[in-house]
1. Shape verdict for the chain, please, from the Cα gyration tensor: rounded (a/c under 1.5), prolate (a/b greater than b/c) or oblate.
2. Calculate the dipole size of the chain relative to its Cα centre from +1 charges on Lys and Arg beta carbons and -1 charges on Asp and Glu beta carbons; express the result in debye to the nearest 20.
3. Taking the Cβ of L143 as the centre, find all other residues whose Cβ is under 13 Å away and add up their charges (Lys, Arg: +1; Asp, Glu: -1).
4. Can you put Y118, Y132, Y43 in order, fewest other beta carbons within 10 Å first?
5. Can you tell me which of A84, A45, A121 moves the most in a GNM of the chain? Springs connect C-alpha atoms under 10 Å apart.
6. Mind running the shape call on segment 73-130? Use the C-alpha gyration tensor, a ≥ b ≥ c as the square roots of the eigenvalues: rounded below 1.5 for a/c, prolate if a/b tops b/c, oblate otherwise.
7. What's the exposure ranking of L117, L89, going from fewest to most Cβ atoms within 10 Å?
8. Taking 0.36 nm per intervening residue step and subtracting the Cα-Cα distance, what contour gain separates R6 from D77 on full extension?
Amino acid sequence: MERQLRQASVADIERLMQLDEVCFDDPWSQRLWLSMLEKPGRYLAWVVESQGEVIAFILFSRILDEAELLRIGTRPDFQGQGVARTMLLHAQELLAQRGVGSFHLEVRESNHVARQLYKGAGWSRCGRRKNYYADEEGSEDALLFSLLLG
């Protein structure tokens, strides 16, 4: 099955929002997605397509030589097939070619799958934000990860 990674654009908004809703309990609004997709110098998004369907996405913000991973999601029926890892590594490479040398993210402490993904892509845990994620059951810490190139 052929898969293609390409830069996302405003034309992908509906498909990104649908996938975001499938992947996350707190999907982003159309307004938020548009605010990021309309600023491709500040925010960089890529999608993975398979047979014309968007099956994964990744979104980074970029300021000078630093980038923060804001969102990454893979359609459930494609999870566990290396799609997210391939997409993450490729996005890191593309950002590095644009001068990014420092990457950052935060992730729920309970999200073991994502934590393994980041560790496998070379990221290291560098901190914790207590009670960062609030939900109906209370709150959860965010673990901070970074990747330094060079």
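A short reminder: the numbers here are calculations on the coordinates, not readings from a lab. Quantities reported herein were computed from a predicted structural model and do not represent experimental measurements. Positions of Cβ are generated from backbone atoms using ideal geometry, with glycine treated the same way; all protein chains shown enter the neighbour counts.
1. rounded
2. The calculation lands at about 600 debye.
3. +3
4. Y132, Y43, Y118
5. Result for the chain, Cα springs under 10 Å: A121 fluctuates most.
6. It comes out oblate by the Cα gyration axes.
7. Placing the least packed residue first, the sequence is L89, L117.
8. Stretched out fully, the R6 to D77 stretch lengthens by 23.5 nm.
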